[in-house]
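Presented below is the structure to which this report refers.
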């Protein structure tokens, strides 16, 4: 009974120690958003510019101030006063409304910057995730290959012992088996490195974890690129730069208009602390800066130049984005269609390998022909996985270019 309890204890202890958190793609992505410092700073930046936008709204409200005084003169007279004064800008050459529009666009730009950061960070994580999934699948294939190599080695040994093959063939097959074993162990070590890369991208420090998932994805190759380009963050930011340049141009026109404001105050004053005298005033003020040493004119001309530069930069960026988008879209379509071609080769080499093994065992084909057909089959299995991973990488790059986390 004691032995049974002891073994049960050891079993459950092993289960606890060997526990590894299993993470899928959605969990990885959510962890990234919650823990990546750059993403969190971008979110804080949005909050900051939202406050600046609210601050711009405050310019449409009046300013109030309160004042009070107590005085004593040389002849011992004393007096005191208290009052409230206010000022409201009625017209400042549209500066207030322009400043509000500028602040609104700046908030939108911060959101677009967050969108770009999310797309870039998600791309890096997706590639790291894909590398782990790829290696896990490759290790499974290599284990099958190793088993097949062992079977092939046994066949060659039997033929060698029967005097139907020379020592060179036997040594060659033994070397192939050792090479397959080495590649399997090498890929297992590489897998641990790639898992560490995921920790780097997540800014995390899990003790033990496993990744679950596949390299499969859904993609419509007939997607309309002209519709997508307008949603790319860089496209929208360049569009906003033109709007900002126009607003800055109008802002620099403001000094050529008069300024109009309303002022008023209410106060009480009197000898000592009686405050028995009331007074108030209300006024409308207008001013016009008719001479500013040419500074206003130069600022206006500079703003016109900046607007032309923004329009030129937008045109260049659109052409660059169109080319880049077309290239990654084409690469993605080619890699997706290539998978089906590689599948055909895999099926063909698999059938050839079945036939060739039977022929070799019966002495109907040479070792060289059989070995070549076997290697074609083995490489075809690895080529299919490589083709799937290539398509996965191109899909990840396509999402990065268009500034999205998912389609």
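The values are calculated or read from the model by the stated rules, or taken from the named source; none is laboratory data. The structure displayed is predicted, hence computed values, not measured ones. Every residue, glycine as well, gets a Cβ built from its backbone with ideal geometry; the counts of neighbours run over all protein chains shown.
The rows are residues; the columns are (1) part of a loop (DSSP other than H, G, I, E, B); (2) farther than 30 Å from residue 391 by Cα.
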position	(1), (2)
180	no, no
184	no, no
207	yes, yes
213	yes, no
222	yes, no
226	no, no
280	no, yes
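Against the conditions (1) surrounded by 14 or more Cβ atoms within 10 Å (Cβ to Cβ); (2) in contact (Cβ under 8 Å) with a residue 40 or more places away in the chain, residue 359 satisfies every one except (2). For the stretch 134-153, the condition holds for no residue, the condition being that it is in contact with a helix residue (DSSP H, G or I) (Cβ under 6 Å, 6 or more places away or on another chain), part of a helix (DSSP H, G or I), without any contact (Cβ under 8 Å) to a residue 24 or more places away in the chain and farther than 25 Å from residue 399 by Cα.
Residues checked against (1) closer than 29 Å to residue 120 by Cβ; (2) in contact with a strand residue (DSSP E or B) (Cβ under 6 Å, 6 or more places away or on another chain); (3) crowded, with 18+ Cβ neighbours inside 10 Å:
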residue	(1), (2), (3)
245	yes, no, yes
251	no, no, yes
262	no, yes, no
266	no, yes, no
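Counting just the residues of the stretch 156-169 that are within 57 Å of the chain's Cα centre (by Cα) and buried (at least 17 other Cβ atoms within 10 Å of the Cβ), which one comes out nearest to residue 360 (Cα to Cα)? Checked the stretch 156-169; the qualifying residue nearest to residue 360 (Cα to Cα) is 156. Which pairs have Cβ atoms under 7 Å, sit 6 or more apart or on different chains, and link a residue in the stretch 292-306 that is under 14 Å from residue 242 (Cα atoms) to one that is modelled with pLDDT under 85 and outside any loop (DSSP other than H, G, I, E, B)? That search, which allows pairs on different chains as well, returns 303/252. When residue 319 is tested against the conditions (1) loosely packed, with under 12 Cβ neighbours inside 10 Å; (2) more than 30 Å from residue 165 (Cα to Cα); (3) over 47 Å from the mean Cα position of the chain (by Cα), the lone failure is (3).
Among what's in the stretch 195-210 and is more than 13 Å from residue 129 (Cα to Cα) and in contact (Cβ under 8 Å) with a residue 24 or more places away in the chain, pick the residue that is nearest to the chain's Cα centre (by Cα). Break it down stepwise before answering.
Going residue by residue through the stretch 195-210, those that are more than 13 Å from residue 129 (Cα to Cα) are 203-208.
Cutting the leftovers down to in contact (Cβ under 8 Å) with a residue 24 or more places away in the chain gives us 203-204, 206, 208.
Details: 203: 14, 204: 17, 206: 22, 208: 25 Å.
So, considering only residues that are more than 13 Å from residue 129 (Cα to Cα) and in contact (Cβ under 8 Å) with a residue 24 or more places away in the chain, the one nearest to the chain's Cα centre (by Cα) is 203.
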